[in-house]
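Structure, as structure tokens:
Values in this text are rule-based calculations from the coordinates and carry no lab data. None of these values were measured; they are calculated from a predicted model. We place every Cβ from the backbone using ideal geometry, glycine too, and count neighbours over all the protein chains shown.
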Amino acid sequence: MSGTWATFGVDLLLELGGKRGREAVATALRDAIRSGRLSPDSALPSSRSLAAELGLARNTVADAYSALTAKGWLSARPGSGTRVAIVSLSLPRGAPSRPRYQGPALRFDLVPGRPDLANFPRAAWLRASRRAFNAAPNDLLGYPDPRGLVGLRTALTEYLGRARGVRTDPDHILICSGFAQGLSLLTATLARTGARTMSVESHGMARHRDLIEHNGLSLRPVDIDESGARTDELTDSDAVLLTAAHQFPLGIPLSSARRAAALSWARRQRAVIVEDDYDGEFRFDRRQVGALQGMSPDLVAYIGTASKSLAPGLSLAWLILPPRLLADVIETKRLTDGYTGVFEQLTLEEFIRSGDYDRHIRRSRLHYRQRREQLVAAMQPTTSRVIGIAAGLHVLLELPDYSAADEIALHSRANRAGIGLETLDGMRFRSDPTARAGLVIGYGTPPDHSYRAALVALRELVG
Ligand SMILES: Cc1ncc(COP(=O)(O)O)c(C=O)c1O
């Protein structure tokens, strides 16, 4: 049977493919949800009206609804009928990413990736902005160097050398509008100059993988074990993307043996290592590990960002380039984007030079360390395990009592309880329903006054 439209308020096109049972209705609904055609929280027709449209018995549709509700695909609430559950499903590779759920505000936002925005140093930032702008000559407001303002590049050279062990000079830094743009500039340049493949860690952000493929490189996954990315699997790629200081999302640092192995692979292969130092400022256990870039500036392109240390809304990141890529990447930036706005650059330069950036980082490090400790303590009575080193703004919570196949239902339960979070399987290069379930929890975002309540809600969810 081909498609048909239900009436009575909500239209729903369902392809039953010639079958007429409860399973056929459930499969068609699941496919529509998975593909993103039915979005989270959208209302479904009543079982009576859908059954009438499809020419089926009402119970057939009602049974399909109940089965999908029990599995967490749908939710049924008195007064609001049956709706698609509020989950963000991992999409099959190649499918366009769907926007994140934008429904009613979450009670507790534990979605990883964001710092505590209430902690943004507004007053100090405004003061730095005023000082910087007052001192800036008019020329600085003209067309800037595509690499960004030399003053900021100089301040970053000093700061990154001191705090992250990066070895560079202002000429090899390019200011861009976020890690994602840095990765895009690099991968577009690599593809234009002959590269074909890029290795990526087997777990990471789907958006970054999509971006690499969009720029024409094919992806090669590399497994991760307790020493970090398996460098013996790098083989013949042209480049690799590594979260060396703190693997995202597993939280493991790349061991020193693996760091050395990655560098000798890159040298042998004439390949480029792209180092994503997204939260390198936030290590809490006093075992600061410098950037991989500092060991071999000729082999590593380093990308740092203000998205975690300050706020994503600033849209500022820095790319430190090996000499052989410098001219080509600057050209890509000039041709695709021109330059990055100067106002925030001027302010960040002044913010770093005045010592405000160091003060802010040290304060934030303490704040996030306390939050992580509270989270670890709150989860102790449960069977979950916190994985990874004490660092960053997120933890991976492994759930030995569940498998990855249960994650969607768990995520849906979390959303019904008003908790935003991410599932581990959604971050895998290849989904693996047989693996242990995991939840990726960002502890930076909730405001202080609701953090304890957020932890109680999380404990109830996994406990
Ligand atoms: C692994 C990883 N890299 C980089 C970033 C920062 O990206 P951007 O600077 O584009 O905001 C994030 C932010 O969530 C991240 O999780």
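From zero up to wherever the largest Cα-Cα distance of the range 357-402 sits, split into 10 Å bins and tell me the percent of pairs in each.
Going out from 0 Å in 10 Å bins, the range 357-402 shows 25, 47, 20, 7, 1 percent.
Taking only the alpha carbons of the range 114-239, what extent do you get along each of the three principal axes, in Å, biggest first?
52, 35, 26
Once the dipole of the range 132-216 is set up with Lys and Arg at +1 and Asp and Glu at -1 on Cβ about the Cα centre, which of P137, T193, L156 lies farthest towards its positive end?
Going by the charge dipole, the pick is T193.
Expressed in whole Å with the largest first, what are the equivalent ellipsoid semi-axes of the range 236-292 derived from the C-alpha gyration tensor as the square root of 5 times each eigenvalue?
Details: eigenvalues 99, 26, 15 Å².
Over the Cα atoms of the range 236-292, the semi-axes work out to 22, 11, 9 Å.
Over 22 Å apart: what share of the alpha carbon pairs of the range 198-349 falls there, rounded to a whole percent? Show your work: numbers first, answer last.
On the way: 4821 of 11476 pairs.
That tail contains 42 percent of the Cα-Cα pairs.
In units of 2.2 N^0.38 Å, what is the alpha-carbon radius of gyration of the chain? Present the calculation step by step, with values, prior to reporting the outcome.
On the way: Rg = 24.4 Å, N = 463, 2.2 N^0.38 = 22.7 Å.
Cα-based Rg divided by the globular estimate yields 1.08.
Net charge near V25, counting Lys/Arg +1 and Asp/Glu -1 over other residues with Cβ under 13 Å of its Cβ?
Result for the local shell: 0.
Between D109 and residues 5 or more places away or on another chain, which pairs have amide H atoms under 5 Å apart, with H built 1.01 Å from N, and which residues are they?
G420
How far is helix 407-416 tilted, in degrees, relative to the longest principal axis of the Cα atoms in the chain, given as a value from 0 to 90 rounded to the nearest 10?
Between helix and principal axis, roughly 90 degrees.
Nearest 10 degrees, 0 to 90: what angle lies between the long axis of helix 256-269 and the longest principal axis of the chain (Cα atoms)?
80 degrees
Taking only C-alpha pairs under 8 Å that are 6+ residues apart, what is the relative contact order of the chain in percent?
Numbers: 860 pairs, mean separation 89.7, N = 463.
After rounding, I find 19 percent.
Might you report the magnitude of the Cβ-based charge dipole of the chain about its Cα centre, with Lys and Arg at +1 and Asp and Glu at -1, to the nearest 20 debye? Walk me through the intermediate numbers first.
Numbers: 59 positive and 49 negative charges, 148 e Å.
Here the chain has a charge dipole of around 700 debye.
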